[in-house]
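> Please read through the structure below; I'll follow up with questions.
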Ligand code: EPU
């Protein structure tokens with residue numbers, strides 16, 4: 001499937017955010033912790049959610065989706081070995097905790113997902129092992145067991161990994177005793193997962209300095225939970241508005257989740273207005289854009305999933321911008337694609353930030369130097385991963401001529417009906433087989 005884009009149109013109008021991909025998929029897995037039905041509202045219509053539905057069904061969940069409400073019910077675990085399940089995203093490893101809690105054993109495949117670095121799961125494995133799980137790592141799968149049940153433990157994460165924090169939370173809520181997660185990730189999607197678990201009967205406290213305290217309970221019950229809006233979609237629409245010189249009202253965008261991004265956008269020369277139901281993004285009088293230095297980080301820092309759409313804006317800024325990617329080792333492959341369109345982006349192994357990061361001295365191309373402004377021209381591109389696909393899309397919408405983006409299934413994994421929504425705001429975009 002491909003998108004054919006005729007660049008040069010201003011995007012104007014309103015768009016409503018879908019529920020967050022990176023919460024919806026985890027919440028489906030969390031629902032497996034109870035034998036009661038769970039209702040997830042504001043559920044997004046995206047590929048990753050469908051992949052996760054297949055995973056949950058293979059475990060024994062009955063799933064019924066009507067519009068954006070998903071009902072998921074796992075009265076019993078019919079299958080705790082999901083190893084044959086294809087490696088299409090990074091969710092299966094999170095099923096280890098709920099499966100160990102309910103049946104004391106689990107098998108999940110090694111993970112897929114975006115190709116943006118080696119993406120090991122050593123921190124997940126160490127945390128579950130500290131809680132009493134025995135985990136065997138085979139070339140194609142992880143085989144886990146906890147015959148006497150999981151036990152609370154004091155766990156200090158080497159890095160505040162989003163997935164490892166979620167995995168530990170999901171394992172700890174039904175474990176015996178108290179678990180402390182130090183150096184935990186605190187992304188808004190994790191807080192929303194905590195809210196869902198708390199409604200299900202869990203006892204979870206947030207402490208200072210990235211600490212999370214969980215008191216294991218015997219049983220969790222069903223829940224109705226409305227998933228938080230997708231802040232990554234919000235950032236993508238904000239960059240689309242500013243890049244095309246348009247104005248987009250992003251309904252449900254929440255200032256709380258976007259504080260660092262909003263500051264960066266204003267420094268670049270984009271503007272926004274926070275209103276009751278969302279945020280309006282625009283470029284004042286198609287004014288000049290300014291170069292900036294950005295360093296990606298865990299929340300509340302500038303998120304790694306925001307650098308790709310922002311990089312396209314920086315190709316239009318007057319001067320040299322730097323992006324120092326400190327979360328993933330290899331997330332700038334898309335710079336080649338933008339360069340093909342006329343951008344000037346140099347990718348380096350040297351840290352571009354004020355201080356060296358954990359990738360310093362290693363051979364990772366994790367810094368980008370972007371010189372602008374450069375006029376972009378159309379090209380034929382293939383989506384490499386979800387967020388860089390968004391960079392392709394924004395670049396195509398401001399480039400001269402007809403851009404073709406192939407491999408759109410990858411974009412559909414995380415953006416709900418993106419072409420239809422952009423078309424409503426004036427984009428010339430057609431989906432073709
Ligand atoms: N890491 C380890 N060992 C581990 C786990 C992580 O070394 O056991 C490293 C990773 O290799 C990476 C860093 O820690 O360098 C961060 O990884 P993290 O575990 O925080 O990320 P994740 O849970 O795999 C989620 C999102 C990503 C998002 C990151 C960071 C999901 C499904 N994915 O990934 O989203 O970029 O957190 O916020 O929630 C996307 O939506 O396009 C996407 C890639």
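> Of all DSSP beta bridges located in the stretch 248-388, what percent are antiparallel, nearest 5?
Roughly 80 percent of the DSSP beta bridges within the stretch 248-388 come out antiparallel.
> Do you know the relative contact order of the stretch 313-373, to the nearest whole percent, from alpha carbon pairs under 8 angstrom that are 6+ apart?
Dividing the mean separation by the residue count of the stretch 313-373 yields 51 percent.
> Based on DSSP, what percent of beta bridges with both residues in the stretch 127-231 are antiparallel, to the nearest 5?
75 percent
> For the stretch 45-108, rounded, prolate or oblate, judged on the Cα gyration tensor with a ≥ b ≥ c (square roots of eigenvalues), a/c < 1.5 rounded, else prolate if a/b > b/c?
Taking the square roots of the gyration eigenvalues as a ≥ b ≥ c, the stretch 45-108 is oblate.
> Please report, to two decimal places, log10 I(q)/I(0) for the stretch 336-433 at q = 0.10, 0.19, 0.22 Å⁻¹ as given by the Debye formula with identical point scatterers on the Cα atoms and no solvent.
-0.35, -0.96, -1.12
> When all alpha-carbon pairs of the chain are counted, what percent fall beyond 35 Å?
Cα-Cα pairs of the chain separated by over 35 Å account for 28 percent.
> By how many nm would the segment from residue 320 to residue 219 lengthen if fully extended, with 0.36 nm per residue of separation less the alpha-carbon distance?
30.8 nm
> Rounding to the nearest 10 and keeping the result within 0 to 90°, find how far the Cα-based axis of helix 188-199 lies from the longest principal axis of the chain.
With both axes taken from Cα atoms, the answer is about 30 degrees.
> How much length is gained on full extension from residue 276 to residue 191, taking 0.36 nm per residue of separation minus their Cα-Cα distance?
Extra length available between residue 276 and residue 191 comes to 28.4 nm.
> Let me ask another. How many nm is it between the label spots at residue 423 and residue 208, if each spot is 7 Å from the Cα in line with the beta carbon?
Between residue 423 and residue 208, the label points sit 5.5 nm apart.
> With the contact rule set at Cα under 8 Å and sequence spacing of 6 or more, what percent relative contact order holds for the chain?
20 percent
> Separate question: Calculated FRET efficiency, residue 147 and residue 41, Cβ-Cβ r, R0 30 Å, to nearest 0.05?
0.20
> Let me ask something else. Kindly express, to the nearest 10 degrees and within the range 0 to 90, the angle between helix 47-59's C-alpha long axis and the longest C-alpha principal axis of the chain.
Result, in degrees: 10.
> Could you please tell me the mean projected area of the C-alpha convex hull for the stretch 231-308, averaged over all directions and given in square nanometres to one decimal?
If you wrap the Cα atoms of the stretch 231-308 in a convex hull and average its projections, you get 4.6 nm².
> Rounded to the nearest 10 degrees, what's the angle between the helix 162-172 long axis and the longest principal axis of the chain, both from Cα atoms, 0 to 90?
The answer is roughly 20 degrees.
> Let me ask you something else. By how many nm would the segment from residue 336 to residue 259 grow when fully extended, if each residue of separation counts as 0.36 nm and the alpha-carbon distance is taken off?
24.7 nm is the gain from fully extending residue 336 to residue 259.
> Further question: Kindly identify the stretch 136-183 as rounded, prolate or oblate by the Cα gyration tensor criterion: order the square roots of the eigenvalues as a ≥ b ≥ c, call it rounded if a/c is under 1.5, otherwise compare a/b with b/c, prolate if a/b is larger, else oblate.
Oblate.
> By the gyration tensor of its Cα atoms, with a ≥ b ≥ c the square roots of the eigenvalues, what is the shape of the stretch 81-233: rounded for a/c under 1.5, prolate for a/b over b/c, or oblate?
It comes out rounded by the Cα gyration axes.
> Nearest 5 percent is fine: what portion of the DSSP beta bridges confined to the chain is antiparallel?
70 percent
> Normalised by the number of residues in the stretch 77-228, what is the relative contact order in percent for Cα pairs under 8 Å and 6+ residues apart?
20 percent
Read the figures in this text as sums done on the coordinates, not as results from a lab. Keep in mind that this is a model prediction, so the values were computed, not measured. All Cβ positions, glycine included, derive from the backbone under ideal geometry; neighbour counts span all protein chains shown.
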